[in-house]
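The values are calculated or read from the model by the stated rules, or taken from the named source; none is laboratory data. Nothing here was measured: the structure is a model prediction, and the numbers come from that model. Virtual Cβ from ideal backbone geometry, glycine too; neighbours counted across all protein chains shown. All accessible areas refer to the heavy atoms of the entire protein, side chains included, with ligands and DNA or RNA removed. Shrake-Rupley method; radii C 1.70, N 1.55, O 1.52, S 1.80 Å.
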Amino acid sequence: MQIRQLQIAHDALQDRLILRISTQADEEFRVWLTRRFLRELWPHLAKLLGQANDSAPLPGEIDAIPAPSGIEQVFHDDKATYPLGSTPLLTSEIKCDSLADGSFHLTFREGRERSFELGLTPDLLQAFCAMLRAGAEQAHWDLALDHAASVTPSVLPHHRPTHLH
(Lines give C-alpha, C1' and ligand atoms only; values in the text may rest on other atoms or scores of the structure.)
Protein backbone atom coordinates (compact mmCIF):
# COMPACT_ATOMS: atom_id res chain seq x y z
CA MET A 1 0.00 0.00 0.00
CA GLN A 2 1.44 3.34 -1.12
CA ILE A 3 0.46 6.02 1.39
CA ARG A 4 -0.48 9.32 -0.25
CA GLN A 5 -1.70 11.18 2.81
CA LEU A 6 -1.81 10.57 6.54
CA GLN A 7 -3.85 12.67 8.96
CA ILE A 8 -4.71 12.58 12.64
CA ALA A 9 -7.42 14.93 13.88
CA HIS A 10 -9.39 15.31 17.09
CA ASP A 11 -13.14 14.76 16.92
CA ALA A 12 -14.49 16.82 19.83
CA LEU A 13 -17.94 15.22 19.71
CA GLN A 14 -16.55 11.67 19.98
CA ASP A 15 -13.53 12.78 22.07
CA ARG A 16 -11.38 10.51 19.94
CA LEU A 17 -8.59 10.92 17.46
CA ILE A 18 -9.34 9.83 13.94
CA LEU A 19 -6.49 8.45 11.87
CA ARG A 20 -7.12 8.79 8.15
CA ILE A 21 -4.88 7.15 5.56
CA SER A 22 -5.33 7.64 1.84
CA THR A 23 -3.45 5.55 -0.69
CA GLN A 24 -2.24 6.10 -4.23
CA ALA A 25 -5.07 3.74 -5.28
CA ASP A 26 -7.66 6.27 -3.97
CA GLU A 27 -8.55 4.11 -0.98
CA GLU A 28 -9.18 5.62 2.43
CA PHE A 29 -8.88 3.86 5.76
CA ARG A 30 -10.28 5.41 8.94
CA VAL A 31 -9.33 4.38 12.46
CA TRP A 32 -10.58 5.76 15.82
CA LEU A 33 -8.05 6.04 18.66
CA THR A 34 -9.33 6.70 22.17
CA ARG A 35 -7.41 8.48 24.93
CA ARG A 36 -7.08 5.28 26.94
CA PHE A 37 -5.84 3.33 23.93
CA LEU A 38 -3.26 5.99 23.00
CA ARG A 39 -2.02 6.07 26.61
CA GLU A 40 -1.44 2.30 26.47
CA LEU A 41 -0.02 2.38 22.93
CA TRP A 42 2.54 5.14 23.44
CA PRO A 43 5.20 3.13 25.36
CA HIS A 44 5.24 0.60 22.51
CA LEU A 45 5.61 3.35 19.91
CA ALA A 46 8.42 4.91 21.96
CA LYS A 47 10.23 1.56 21.91
CA LEU A 48 9.81 1.36 18.13
CA LEU A 49 11.18 4.90 17.84
CA GLY A 50 14.17 3.81 19.90
CA GLN A 51 14.75 0.93 17.48
CA ALA A 52 14.35 3.27 14.51
CA ASN A 53 17.02 5.58 15.91
CA ASP A 54 19.28 2.72 17.10
CA SER A 55 19.33 4.49 20.46
CA ALA A 56 16.84 5.09 23.19
CA PRO A 57 14.97 8.37 22.98
CA LEU A 58 16.49 10.92 25.30
CA PRO A 59 14.37 13.31 27.33
CA GLY A 60 12.89 15.80 24.90
CA GLU A 61 14.07 13.90 21.80
CA ILE A 62 10.59 12.77 20.81
CA ASP A 63 9.39 16.32 21.49
CA ALA A 64 11.83 17.56 18.85
CA ILE A 65 10.55 15.33 16.05
CA PRO A 66 9.48 17.71 13.30
CA ALA A 67 5.98 17.48 11.91
CA PRO A 68 6.05 16.25 8.30
CA SER A 69 5.49 18.83 5.62
CA GLY A 70 1.91 19.11 4.43
CA ILE A 71 0.32 18.06 7.74
CA GLU A 72 -1.94 21.08 7.67
CA GLN A 73 -3.14 20.31 4.14
CA VAL A 74 -6.78 19.52 3.59
CA PHE A 75 -7.39 15.78 3.44
CA HIS A 76 -8.41 14.86 -0.12
CA ASP A 77 -11.13 12.22 -0.27
CA ASP A 78 -13.20 13.27 -3.29
CA LYS A 79 -12.67 10.01 -5.22
CA ALA A 80 -11.98 7.70 -2.29
CA THR A 81 -13.27 4.19 -1.84
CA TYR A 82 -13.50 2.71 1.65
CA PRO A 83 -12.32 -0.93 1.81
CA LEU A 84 -13.26 -1.13 5.53
CA GLY A 85 -16.44 0.90 5.08
CA SER A 86 -16.93 4.60 5.78
CA THR A 87 -17.39 4.04 9.54
CA PRO A 88 -13.97 4.25 11.24
CA LEU A 89 -12.54 1.10 12.80
CA LEU A 90 -12.63 1.45 16.62
CA THR A 91 -9.23 0.12 17.66
CA SER A 92 -9.25 -2.21 20.63
CA GLU A 93 -6.04 -4.14 19.84
CA ILE A 94 -2.83 -3.43 18.00
CA LYS A 95 0.08 -5.61 17.02
CA CYS A 96 3.45 -3.89 16.53
CA ASP A 97 6.20 -5.61 14.55
CA SER A 98 9.75 -4.55 13.70
CA LEU A 99 10.74 -5.94 10.31
CA ALA A 100 14.20 -7.07 9.24
CA ASP A 101 14.49 -4.21 6.70
CA GLY A 102 14.17 -1.61 9.48
CA SER A 103 10.53 -0.78 8.80
CA PHE A 104 7.57 -1.30 11.12
CA HIS A 105 4.21 -2.96 10.75
CA LEU A 106 1.17 -1.98 12.84
CA THR A 107 -2.02 -4.05 12.72
CA PHE A 108 -5.04 -2.22 14.14
CA ARG A 109 -7.91 -4.51 15.19
CA GLU A 110 -11.48 -3.94 16.21
CA GLY A 111 -12.11 -6.91 18.49
CA ARG A 112 -12.60 -9.92 16.24
CA GLU A 113 -14.16 -7.78 13.51
CA ARG A 114 -12.23 -5.58 11.10
CA SER A 115 -8.49 -5.01 10.98
CA PHE A 116 -6.13 -2.70 9.15
CA GLU A 117 -2.41 -3.11 8.49
CA LEU A 118 -0.12 -0.09 8.26
CA GLY A 119 3.50 -0.31 7.17
CA LEU A 120 5.78 2.55 8.26
CA THR A 121 9.35 3.46 7.43
CA PRO A 122 11.37 4.94 10.31
CA ASP A 123 10.66 8.46 8.97
CA LEU A 124 6.92 7.77 8.69
CA LEU A 125 6.91 6.30 12.19
CA GLN A 126 8.45 9.51 13.52
CA ALA A 127 5.89 11.59 11.62
CA PHE A 128 3.05 9.35 12.85
CA CYS A 129 4.19 9.78 16.48
CA ALA A 130 4.51 13.55 16.04
CA MET A 131 0.97 13.65 14.65
CA LEU A 132 -0.35 11.57 17.58
CA ARG A 133 1.27 13.97 20.03
CA ALA A 134 -0.20 16.98 18.23
CA GLY A 135 -3.65 15.37 18.19
CA ALA A 136 -3.49 14.54 21.90
CA GLU A 137 -2.41 18.09 22.69
CA GLN A 138 -5.24 19.52 20.57
CA ALA A 139 -7.67 17.25 22.47
CA HIS A 140 -6.26 18.48 25.84
CA TRP A 141 -5.84 14.88 26.99
CA ASP A 142 -2.89 15.68 29.28
CA LEU A 143 -0.96 12.57 28.28
CA ALA A 144 2.81 12.33 28.76
CA LEU A 145 3.70 11.37 25.18
CA ASP A 146 7.38 12.10 25.35
CA HIS A 147 10.30 10.12 26.71
CA ALA A 148 8.24 8.40 29.42
CA ALA A 149 8.76 4.99 27.87
CA SER A 150 12.43 5.28 26.97
CA VAL A 151 14.32 2.03 27.31
CA THR A 152 17.80 0.84 26.58
CA PRO A 153 18.00 -0.72 23.08
CA SER A 154 19.93 -3.71 24.42
CA VAL A 155 16.88 -4.85 26.35
CA LEU A 156 14.53 -4.51 23.39
CA PRO A 157 13.71 -7.76 21.65
CA HIS A 158 14.72 -7.32 18.03
CA HIS A 159 12.23 -8.35 15.36
CA ARG A 160 9.85 -9.67 18.00
CA PRO A 161 6.18 -8.80 17.67
CA THR A 162 4.45 -6.81 20.36
CA HIS A 163 0.73 -7.25 20.97
CA LEU A 164 -1.35 -4.70 22.82
CA HIS A 165 -4.98 -5.17 23.71
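Below, the figures for the structure above:
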item: Gain in span if fully extended, Gln24 to Asp123, counting 0.36 nm per residue against the direct Cα distance; result: 33.8 nm
item: Rough spin-label spacing in nm, given labels placed 7 Å along Cα→Cβ, for Glu40 and Thr87; result: 2.1
item: Order of exposure, largest accessible area first, which applies to Arg30, Arg109 with probe 1.4 Å; result: Arg109, Arg30
item: Spacing of the two label points (7 Å from each Cα toward its C-beta) at Asn53 and Gln14, in nm; result: 3.1
